[in-house]
Amino acid sequence: MTGESPQFLRTTHLPTRIAEQFTQQIQSGGLKAGDRLPTELAMSKNFGVSRTVIREAIARLRNEGMIETRQGVGAFVIDRPARHIRLEDGGLSAEDFRGLFQLRVPLEIEAAGLAAQNHTAEHLQQMDQALLRMETAGDGANDGIIADLDFHRTIALATGNDYFVQFLGAISDRVLKTILLSREKIRLDTLISMVNREHSALRNAIASGDPLKARQAMRAHMVGSTERVELKLDFYR
């Protein structure tokens with residue numbers, strides 16, 4: 001994990017660059033709350049990339065809390081507080097991955113506990129939709145990656161605490177890289193089965209309303225995530 005393959009860079013670089021362009025427009029006031037982004041087709045032609053790349057860029061903007069998507073309508077800029085957190089893009093060395101998980105583990109575990117207490121039926125429905133998309137994602141289907149990010153973002157939303165949404169959104173592009181790296185190391189159908197089993201257990205634990213059970217399920221998922229990218233990390237009870 002000391003470097004990135006050319007494919008790894010190609011997979012992450014274009015969506016990041018496109019998302020950053022829209023972020024700059026939003027932060028400068030060129031795009032205001034309520035403004036609708038161009039259609040996927042229009043953006044695909046404008047940037048000269050596939051619609052899959054555009055969907056990943058939109059997913060990043062959504063995870064960062066910049067936009068919201070309305071099914072069948074489009075993507076719209078939403079009003080965000082000035083304190084919104086954003087990290088500069090960059091490569092991830094082995095030590096960067098370790099630092100990422102040292103931050104992510106306690107955040108995600110606490111988020112799961114709060115989500116068990118504060119979730120709504122709509123949050124559970126959104127988790128179920130994300131799980132279904134991950135289960136049906138075949139070889140090369142990037143929607144499975146986006147669905148994975150959406151699943152975790154829904155948990156953050158279910159906490160009822162916007163700081164979790166902001167912090168986890170800020171590292172979403174790094175989390176994306178860990179998902180891509182695990183896909184390089186593990187056969188895809190095996191990986192999907194492992195992750196969906198952990199996600200299903202996590203969803204059910206949150207639905208049970210038991211914070212301790214939800215925290216344990218998230219901890220198990222984080223352990224699995226670190227093992228899949230061959231990262232040795234100490235977990236403390």
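Here, each number is a calculation from the coordinates, and none is a lab measurement. All values derive from a computational prediction rather than experimental measurement. All Cβ positions, even for glycine, are placed from backbone atoms using ideal geometry, and neighbour counts span all protein chains on display.
Return the FRET efficiency for the residue pair Arg51, Arg197: r is the Cβ-Cβ distance, R0 is 22 Å, and the value is rounded to the nearest 0.05. The formula returns an efficiency of 0.15 here.
Each residue of segment 103-112 was assigned a 3J(HN,Hα) from its phi angle through the Karplus curve 6.51 cos²θ - 1.76 cosθ + 1.60 (θ = phi - 60°); the sequence is 7, 5, 4, x, 5, 5, 5, 5, 4, 4 Hz, with glycine and proline shown as x.
Peptides 117-124, 191-198, 71-78 ranked from most to least packed by the mean count of surrounding Cβ atoms within 10 Å: 191-198, 117-124, 71-78.
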